[in-house]
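Novice: Dumping the structure here so I can ask a few things about it.
What follows is calculated from the coordinates using simple rules that are stated; it is not laboratory data. Treat the numbers as computed from the prediction; the structure is a model and nothing was measured. Glycine gets a Cβ as well: all are built from the backbone with ideal geometry, and neighbour counts include every protein chain shown.
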Amino acid sequence: MSQLAPSILAADFNRLGGQISTIEKTGTEYLHIDVMDGMFVPSISFGMPLIESIRKESNMFFDVHLMVEEPARYLKEFKDVGADGITVHVEACSDLKRTLCSIKELGLKPAVAINPNTSVEEVLSVLDMVEMVLVMSVHPGFGGQKLIPKTLDKVRRLKDIRRERGLKYNIEIDGGINRENIKDASIAGVDIIVAGTAVFKGNIADNISYLKEVLKNAS
Ligand code: DX5
Ligand code: ZN
């Protein structure tokens, strides 16, 4: 069954701690944390101090998605504040292999992300080094956008390559997931599904239980 990874970008930051604890009580394993630098993407979200604060009260897997130019500059800092996995964008790294190795050397799970206009070919040479490939299903930078359906073809492709090459990476999709399309993502073969708006808008526990029920029935 695909796992859900709520993205705190859509949280009410005035009530962040309580909202995270609501999520954790549902038995959700992954928490998706979007860091934006205002360079790789136009917007700026939050950084190390916020992650350090929420780490104190959560045991979930911190899936840190760096929408940051040259993320190699900050890997140690993200480890120190409590990241479990770090995802870097192929489009943002001058030396992707080196950056992924550094994440691994820090004892964290390395992952690579591809934007909607970036093809799977761009990451073929690192697939044996990563624990996860993140397929962006919207252009990164903002929550609440509409999923671009053709990005699901890349999920299917990555699933085929994984089988052909006997690899083990997880496939994650990020952006525009809602109650209607989550089943399609699951059927396409996604292992981890990021959801911001679909989790945080309205009642969090109800949303999670609805989304997980769909995932259960799709598996
Ligand atoms: C977009 C972020 C996403 C975002 C998803 O740049 O990477 O993780 O929070 O938000 P929704 O689910 O609202 O599209
Ligand atoms: Zn993200």
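Novice: Where the centre of each part is set by its Cα atoms, how far does segment 1-42 sit from segment 72-151, in angstrom?
Specialist: Each part reduced to its Cα centre gives a spacing of 17 Å.
Novice: While we're on this one: Please give the contour-minus-distance gain from GLU70 to ARG157: 0.36 nm per residue of separation, less the Cα-Cα distance, rounded to one decimal in nm. Intermediate results must be reported in sequence, preceding the final value.
Specialist: On the way: separation 87, 0.36 × 87 = 31.32 nm, distance 2.71 nm.
Residue separation times 0.36 nm, minus the Cα-Cα distance, leaves 28.6 nm.
Novice: Okay, moving on. Can you list the HN-Hα couplings for segment 112-123, worked out from phi with the Karplus curve (6.51, -1.76, 1.60; θ = phi - 60°), rounded to whole Hz and with x for Gly and Pro?
Specialist: My calculation for segment 112-123 gives 10, 10, 10, 5, x, 8, 9, 8, 4, 3, 4, 10 Hz in order.
Novice: Kyte-Doolittle mean at least -1.0 and Cα extent at least 18 Å along the axis: which DSSP H helices of the chain qualify?
Specialist: Working: long enough: 151-165 (21 Å, -1.68); 204-218 (21 Å, 0.03).
Helix filter hits for the chain: 204-218.
Novice: Also: Once both labels are modelled 7 Å past Cα along the beta-carbon direction, what's the ASP184-LYS168 spacing in nm?
Specialist: A separation of 3.3 nm, rounded to one decimal place.
Novice: If you don't mind, another one. Which order do CYS101, CYS93 fall in if you start with the one that has the fewest other Cβ atoms within 10 Å?
Specialist: On the way: CYS101 15, CYS93 20.
Placing the least packed residue first, the sequence is CYS101, CYS93.
Novice: While we're here: Taking Cα atoms of segment 152-219, Rg/Rh with Kirkwood Rh, to two decimals? Walk me through the numbers on the way to the answer.
Specialist: Numbers: Rg = 13.0 Å, Rh = 12.6 Å.
Here Rg/Rh amounts to 1.03.
Novice: Order of GLU70, GLU164, GLU29 from fewest to most other C-beta atoms within 10 Å?
Specialist: Details: GLU70 16, GLU164 8, GLU29 13.
Taking fewest neighbouring Cβ atoms as first place, the list is GLU164, GLU29, GLU70.
Novice: Hey, quick one: spin label on LYS201, modelled 7 Å out along Cα-Cβ, who in segment 175-190 has an amide N within reach, i.e. under 15 Å?
Specialist: Inside the label zone: 175-182.
Novice: Still on this structure, I have one more. Tell me, what is the Rg over Rh of segment 92-138, with Rh the Kirkwood radius over Cα pairs? Show your work: numbers first, answer last.
Specialist: On the way: Rg = 10.6 Å, Rh = 11.1 Å.
Reported Rg/Rh (Cα atoms, Kirkwood Rh): 0.96.
Novice: Moving to a separate point now. Please list, ordered by chain and number, the residues whose modelled amide H lies under 5 Å from the amide H of ALA195; skip anything fewer than 5 residues away on the same chain.
Specialist: ALA5, SER7
Novice: Here is a further query. With no solvent and one equal point scatterer per Cα, compute the Debye intensity ratio I(q)/I(0) for segment 1-127 at 0.19, 0.20, 0.21 Å⁻¹ and report its log10, rounded to two decimals.
Specialist: Debye output, listed in q order: -1.10, -1.19, -1.29.
Novice: Related question: Only sites in a loop by DSSP and with at most 13 other Cβ atoms within 10 Å count here; which trypsin sites (Lys or Arg not before Pro) in segment 136-183 make the cut?
Specialist: Values: sites: LYS146, LYS150, LYS154, ARG156, ARG157, LYS159, ARG162, ARG163, ARG165, LYS168, ARG179, LYS183; in loops: LYS146, LYS150, LYS168, ARG179.
Loop-located and lightly packed - LYS146, LYS150, LYS168, ARG179.
Novice: Treat each spin label as a single point 7 Å out from the Cα along the C-beta direction, and report the ASN59 to SER209 distance in nm.
Specialist: For ASN59 paired with SER209, the spin-label model returns 2.3 nm.
Novice: Going by how many other beta carbons lie within 10 Å of each one, how would you line up ILE161, ILE23, ILE54, fewest first? It would help to have the intermediate numbers written out before the result.
Specialist: Details: ILE161 16, ILE23 25, ILE54 22.
The order, fewest Cβ neighbours first, is ILE161, ILE54, ILE23.
Novice: Amide H to amide H, which residues 5 or more places from ILE171 or on other chains are under 5 Å from it, using H placed in the peptide plane?
Specialist: HN-HN under 5 Å from ILE171: VAL133, ASP191, ILE192.
Novice: Ordered by residue, what ³J(HN,Hα) values in Hz, to whole numbers, does segment 180-185 give under the Karplus form 6.51 cos²θ - 1.76 cosθ + 1.60, where θ = phi - 60° and Gly and Pro are x?
Specialist: 3J(HN,Hα) across segment 180-185, in whole Hz: 7, 9, 5, 5, 4, 5.
Novice: Further question: In 10 Å bins starting at zero, report the fraction of Cα pairs in segment 3-218 per bin as a rounded %.
Specialist: All Cα pairs considered, the percentages come to 8, 37, 39, 15, 0.
Novice: Residue-wise, which Karplus ³J(HN,Hα) couplings in Hz belong to segment 133-141, taking 6.51 cos²θ - 1.76 cosθ + 1.60, θ = phi - 60°, and x for glycine or proline?
Specialist: 10, 9, 9, 6, 9, 9, 6, x, x
Novice: What are the semi-axes of the equivalent ellipsoid for segment 44-90, taken as the square roots of 5 times the Cα gyration tensor eigenvalues, largest first, in whole Å?
Specialist: Values: eigenvalues 65, 23, 18 Å².
Semi-axes from the Cα gyration tensor: 18, 11, 9 Å.
Novice: Using a/c under 1.5 as the rounded threshold, could you call segment 1-64 rounded, prolate or oblate? The axes a ≥ b ≥ c are square roots of the C-alpha gyration tensor eigenvalues, and prolate needs a/b larger than b/c, oblate otherwise. Intermediate values should be presented prior to the final figure.
Specialist: Details: a/c = 1.98, a/b = 1.47, b/c = 1.35.
Note, shape of segment 1-64 comes out prolate.
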